[in-house]
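Student: Below you will find the structure I want to go over with you.
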Amino acid sequence: MIDPELVVSLAREAAVGFVGTALLAATAGLLVAGGYRWLSTRSPPTGIPALLGLTAVAGVLSSGALASGAFLGATPLDHRLSDDSTPNVASRPG
């Protein structure tokens, strides 16, 4: 049986993460749009603040995944060194 308290705590954690990333994207977009407007007399090009806001979120999520080892955690980086079936290029005749 699924514990209802566990479901509620997981849903709360997911909601807080979702709202946090949305606030990060909105803040980055507002800063880009405000900075562009401050330096220029025109409005920023359509979509650029939103794109940069989503880029900030992608950067935060990617750095968190890289720090936790989610991308390369199960991949041994020295798998070529332990393979004895690869011929040595220096020992080839010719």
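Student: Report the Cα centroid-to-centroid distance between region 39-67 and region 1-16 in angstrom, as an integer.
Tutor: 30
Student: For E5 and R37, compute 0.36 nm times the residue count separating them, minus their Cα-Cα distance, and round to one decimal in nm. If you can, show how the numbers build up before the last one.
Tutor: Numbers: separation 32, 0.36 × 32 = 11.52 nm, distance 4.72 nm.
Fully extending the segment from E5 to R37 adds 6.8 nm.
Student: Largest first and in whole Å, what are the equivalent-ellipsoid semi-axes of region 4-70 based on the Cα gyration tensor, each being the root of 5 times an eigenvalue?
Tutor: Values: eigenvalues 200, 44, 11 Å².
Equivalent ellipsoid of region 4-70: 32, 15, 7 Å, largest first.
Quick note: the coordinates plus some simple rules give every number you see, no bench work behind them. Since this is a predicted model, take the numbers as computed values, not measurements.
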